[in-house]
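Data block below; observations after.
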Amino acid sequence: MSVRPVLRMGDVRLLDVAERVNYEDRDALHSLLIDMRDTMQALNGAGLAAPQIGVGLRVVIFGVPPLRQAQGKPDQEEKNGRYADAASVPETVLINPVITPLEDEKIEDWEGCLSVPGLTGLVPRYHAIRYQGFDENGEVIDRTVSGFHARVVQHECDHLDGILYPMRIRDMRNFGFREVLFPDSRALDE
Ligand code: NI
């Protein structure tokens, strides 16, 4: 295990625009991905971007194993709206991503972030997107997704452009501590 410290909001490195991966140093990329997976799993995250562990490269990982959904309580899943289709997010390594919105409409839902621990906010995101990029072997990834899957991808890719979810909240009254807003919910941070 190589769990790395996750930078928290206020660290200026989270505001940088990350650089594209050129695949010249495969060993470094492999090591980075091991650390990112270990860190995300240790913190029970749904996703992680390389800049969150201080690496300024356009690399994100995300995924929610089906087990996670089974552990949730159905009534809270409905109330919170975050877990209903959480299990449909495959474990993914996404490098040099490009996102194309497929409709103008944005949907608001609650998000959390490993770099903003303890807090949650209501964030507008495109409901449906196409995302393209590459996996760790340079193979093309090209998917059309919606809902929670689309939200996680948009959240993670924002990290590559120095954007944290609180910057996108429309009404700051919908931003606060998770344990106050949702006393019974379980964390699923990105
Ligand atoms: Ni995040």
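Looking only at segment 165-190, residues that are within 16 Å of the ligand (Cβ to nearest atom), hydrophobic (A, V, I, L, M, F, W, C), surrounded by fewer than 20 Cβ atoms within 10 Å (Cβ to Cβ) and in contact (Cβ under 8 Å) with a residue 60 or more places away in the chain come to 1 in all. Scanning segment 94-121 for residues that are surrounded by 14 or more Cβ atoms within 10 Å (Cβ to Cβ), under 17 Å from F148 (Cα atoms) and away from the ligand (no atom under 16 Å from the Cβ) yields P101, L102, K106, I107, E108.
The residue of segment 164-189 that is modelled with the lowest pLDDT, among those that are touching a Ser or Thr at 6+ places or on another chain (Cβ under 8 Å) and outside any helix (DSSP H, G or I), is F182. Could you please let me know if G138 is outside any strand (DSSP E or B), more than 16 Å from the ligand (Cβ to nearest atom) and out of contact with any strand residue (DSSP E or B) (no Cβ under 6 Å at 6 or more places or on another chain)? For G138, the condition - outside any strand (DSSP E or B), more than 16 Å from the ligand (Cβ to nearest atom) and out of contact with any strand residue (DSSP E or B) (no Cβ under 6 Å at 6 or more places or on another chain) - is met.
Residues in segment 16-31 that are on the phi > 0 side of the Ramachandran plot and loosely packed, with under 12 Cβ neighbours inside 10 Å: none.
The values are calculated or read from the model by the stated rules, or taken from the named source; none is laboratory data. Bear in mind the structure is a predicted one, so any value in this text is a computation, not a measurement. As a convention, Cβ positions derive from the backbone with ideal geometry for all residues, glycine included, and neighbour counts pool all protein chains shown.
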